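First the structure, in the form of structure tokens, and then the observations on it.
The values are calculated or read from the model by the stated rules, or taken from the named source; none is laboratory data. A quick note: this is a predicted structure, and the numbers were derived from the prediction, not measured. Neighbour counts run over all protein chains shown; Cβ positions are idealised from the backbone, glycine included.
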Amino acid sequence: MEKPSIGLWEEAAQRFFKNKLAVVCLIIIGFYSLLALLAWFGLIASDYSVTTPESYAAPSKAHIFGTDIFGRDVLMRTVQGVRIAISIGLVTSLIAIPIGVFLGALAGYFGGRVDELIVWFYTTMDSIPDLLKIISLTFVLGRGLMSVYISIGFTTWVNLCRLVRGEFLKHKSRDYVHAASALGASHLRKMFIHILPNVFHIILINFSSRFILGIKTEVVLSYLGLGVEPGQPSWGIMIDDAKLELPRGVWWQLAAATFAMFFLVLAFYILTDALREALDPKLRNKT
Amino acid sequence: MLAYVVRRTLYVVPVVLGVTLITFILFNIVGGNPVYQKLGKHGSASEIKILTHEMGLDLPLTQQYLFYLKQCVTFDFGRSWSTNQEISSMIKAGIGPSLSLAVPAFTASVLLSIFVALGLAFFRNSIIDRLLVVTSLGGISISLLVYIIFFQYTLSYKLGVFPISGYDTSWSGRWEYLILPGIIWVITSLGNEVLLYRTIILDEIFQDYVRTARAKGLSEKVVLFKHVLKNAMIPIITNVVLEIPFLYTGSLLLENFFGIPGLGGMTVQALANSDFPVIKTMTYVGSLLYVLFNLLSDLSYALVDPRIELD
């Protein structure tokens, strides 16, 4: 990623920043991340679990999004939901990306038996439908945020692994890698210092798209009773609560969680697309 | 060609073995001792001993795995812990309702989205195209759960257009209950599919043969619907074939929410009851179907597209 590739990244950045919509999405994601960070440090929305006698109070000046069954402020819970949503994206990436990149790099670089074994392993993992895989894992691990991290993290590295493998397969016989061998670079050095920077764009695109998957999966898991513990302020729990609240005319918890999730997920969709367009050479020169 | 077919078909064996190994490790090792799960907190020492022996858990792990493998091959998965029914007969009973929901809804969503995607490709980069792309993206940014809760509340509970939930096992009586979940299925899968098919079609539009077709003076309509569509159908059909195995669980959420007694609803019920063998079986059968359809898709791909390298 040093001097030789600066031109490439600069060009990609230029392409990216020309896309106004993508920049807006980046700002939105930045804003959410800031909220998550502030909530994490307890600087905002720290009273999210304080109960008051005002059960199901409609939106008012005191509670912009009203209160839930225990009289807790829905706005604060929504903001805490941002913290959980962002943390799911981050932690699962920290688990899945190293697995996918490492196995993909090994398979693509060494080929042969190593490749066969790794391809077999990810084909097998891939054969178990995603939802069943995640459900089974959270089910045996038991409910809780940690299980959500682990089950999504350890099951969603296959796509990235396959892409990284393909790229390493292409790159390993390029001139710059031969040049590195001639200079006496070790396999590890060639893999992770020389080739890896050239597949970094794939990791970046994958990183952005993982947030979409993580946030959506959390909602489904919460509905199935496998997600975050009840009482925790996750969007999945809030949406799940709504199935009993709507018949009572309580719509604000559903609305707050849905809108909060909508803008964040939409921003990640557009960002992922924009990154792909800016970084993927296959899409270049096509408009 | 024949060599490829044989090799590709035989590859199913190690993959299915891998799936059994992963599910075994997950449920029999990571999952903790199922005896405690089954007896709850109040099992006495002798009860634990008897049950451990009954379930074959005092055998070495390799023998337990071989027993499980035998179950997987003979499709005799034992009994459910919560209902004590044969799991294989539970699956037989659930597949009808699941497919009654899944097949019409899936067919409708695929046809509709191919149609819309073609329209978008025709009007590409116009206002209509951009607007519909943004609408699709917006549509898939909302959780499936929100759609279900919202539509069930407004259309069934408030307006009474559809029954809130339930099912009728008679052939003619069931559809009344399946319309709303079917509509929600179509709405929620449309966004993803339209975007995917649009990308596939646009990928074709930049191929050389399209330029040739245009150069010889064919109208955009003929180019799009005759030349492009034919070629785009290959990746589209592959994608459709790969989605078919997912129909077997119907939709976990839709079936559960609308009280449809299919395999999806059964899985959610099993989760609620900590019914290990049922979840394990559902995972295995789901994977098996996926492996088989994947094989089917690869083989048909090789047959249809001569450009595929067979090595």
Q) In the stretch A:55-84, what residues are touching an Asp or Glu at 6+ places or on another chain (Cβ under 6 Å) and of a type in the set (S, T, N, Q)? A) A:Thr67
Q: Can you give me the number of residues within the stretch A:17-69 that are of a type in the set (Phe, Trp, Tyr), under 25 Å from the mean Cα position of the chain (by Cα) and not in a helix (DSSP H, G or I)?
A: 2
Q. Could we say that A:Ile203 is of a type in the set (Val, Ile, Thr) and over 23 Å from the mean Cα position of the chain (by Cα) here?
A. no
Q: Could you tell me whether any residue of the stretch B:174-192 is within 25 Å of A:Leu224 (Cα to Cα), modelled with pLDDT under 90 and surrounded by fewer than 15 Cβ atoms within 10 Å (Cβ to Cβ)?
A: no
Q: Please go through the stretch A:52-66 and pick out each residue that is surrounded by 14 or more Cβ atoms within 10 Å (Cβ to Cβ) and over 11 Å from A:Ala256 (Cβ atoms).
A: A:Thr52, A:Glu54, A:Tyr56, A:Ala57
Q. Can A:His201 be described as part of a helix (DSSP H, G or I) and free of Cβ contacts under 8 Å to residues at least 60 places away in the same chain?
A. no
Q.
Could you check the stretch A:126-149 and list, in sequence order, the residues that are under 16 Å from B:Asn294 (Cβ atoms) and surrounded by 21 or more Cβ atoms within 10 Å (Cβ to Cβ)?
A. A:Ser127, A:Ile128, A:Leu132, A:Lys133
Q: Just give me the residues in the stretch B:267-283 being more than 8 Å from every other protein chain (Cβ to nearest Cβ), part of a helix (DSSP H, G or I) and surrounded by fewer than 19 Cβ atoms within 10 Å (Cβ to Cβ), in sequence order.
A: B:Gln269
Q: Can you tell me which residue within the stretch A:221-239, out of those that are assigned to a helix (DSSP H, G or I) and within 7 Å of chain B (Cβ to nearest Cβ), is surrounded by the fewest Cβ atoms within 10 Å (Cβ to Cβ)?
A: A:Tyr223
Q) Does the stretch A:93-111 contain at least one residue that is surrounded by fewer than 23 Cβ atoms within 10 Å (Cβ to Cβ), over 28 Å from the mean Cα position of the chain (by Cα) and either within 14 Å of chain B (Cβ to nearest Cβ) or at pLDDT 90 or above (or both)? A) yes
Q: Find the residue count for the stretch A:224-282, including only residues that are free of Cβ contacts under 8 Å to residues at least 40 places away in the same chain and of a type in the set (S, T, N, Q).
A: 1
**Q.** B:Tyr157, sole failed condition from (1) under 30 Å from A:Ser209 (Cβ atoms); (2) of a type in the set (Ser, Thr, Tyr); (3) surrounded by fewer than 16 Cβ atoms within 10 Å (Cβ to Cβ)
**A.** (1)
**Q.** helices (runs of 4 or more DSSP H) contained in the stretch A:70-164 and holding at least 3 residues touching a residue at least 60 places away in the same chain (Cβ under 8 Å)
**A.** A:74-110, A:130-141, A:145-153
**Q.** Hits in the stretch B:29-81 (condition: of a type in the set (Ser, Thr, Tyr) and either surrounded by 11 or more Cβ atoms within 10 Å (Cβ to Cβ) or in contact with a Cys (Cβ under 6 Å, 6 or more places away or on another chain) (or both))
**A.** B:Tyr36, B:Thr52, B:Tyr65, B:Tyr68, B:Ser80
(Q) Among the residues in the stretch A:191-207, are any in contact with a Leu (Cβ under 9 Å, 6 or more places away or on another chain) and either within 9 Å of chain B (Cβ to nearest Cβ) or under 30 Å from B:Ile164 (Cα atoms) (or both)? (A) no
**Q.** Qualifying residue in the stretch B:18-26 (condition: in contact with a Leu (Cβ under 8 Å, 6 or more places away or on another chain), within 14 Å of chain A (Cβ to nearest Cβ) and either part of a loop (DSSP other than H, G, I, E, B) or more than 24 Å from B:Leu292 (Cα to Cα) (or both))
**A.** no
Q: For the stretch A:245-263, name all the residues that are facing chain B (nearest Cβ under 8 Å) and surrounded by 20 or more Cβ atoms within 10 Å (Cβ to Cβ).
A: A:Leu254, A:Thr258, A:Met261
Q: State whether one or more residues within the stretch B:143-156 are assigned to a helix (DSSP H, G or I) and in contact with an Asp or Glu (Cβ under 8 Å, 6 or more places away or on another chain).
A: yes
Q. Of (1) facing another protein chain (nearest Cβ under 10 Å); (2) surrounded by fewer than 24 Cβ atoms within 10 Å (Cβ to Cβ), B:Leu247 satisfies all except one. Which?
A. (1)
Q) Between a first residue in the stretch A:9-32 that is at pLDDT 90 or above and a second residue that is among the aromatic types (Phe, Trp, Tyr) and assigned to a helix (DSSP H, G or I), which pairs have beta carbons less than 7 Å apart while being 6 or more apart in sequence or on different chains? A) A:Ala22/A:Phe16; A:Val23/A:Phe17; A:Ile28/A:Phe263; A:Ile29/A:Phe268
Q. Can we say B:Leu295 is assigned to a helix (DSSP H, G or I), under 20 Å from B:Gly31 (Cβ atoms) and within 12 Å of another protein chain (Cβ to nearest Cβ)?
A. no
Q: Quick one: B:Ile87 ticks every box in (1) crowded, with 19+ Cβ neighbours inside 10 Å; (2) out of contact with any strand residue (DSSP E or B) (no Cβ under 8 Å at 6 or more places or on another chain) except a single one, so which number is it?
A: (2)
(Q) If I ask for residues that are under 25 Å from B:Ile142 (Cβ atoms) and more than 14 Å from chain A (Cβ to nearest Cβ), which ones from the stretch B:185-224 would you list? (A) B:Trp185, B:Val186, B:Ile187, B:Leu190, B:Glu193, B:Tyr197
Q. In the stretch B:96-138, how many residues are crowded, with 17+ Cβ neighbours inside 10 Å and either in contact with a strand residue (DSSP E or B) (Cβ under 9 Å, 6 or more places away or on another chain) or within 17 Å of B:Gly182 (Cβ to Cβ) (or both)?
A. 10
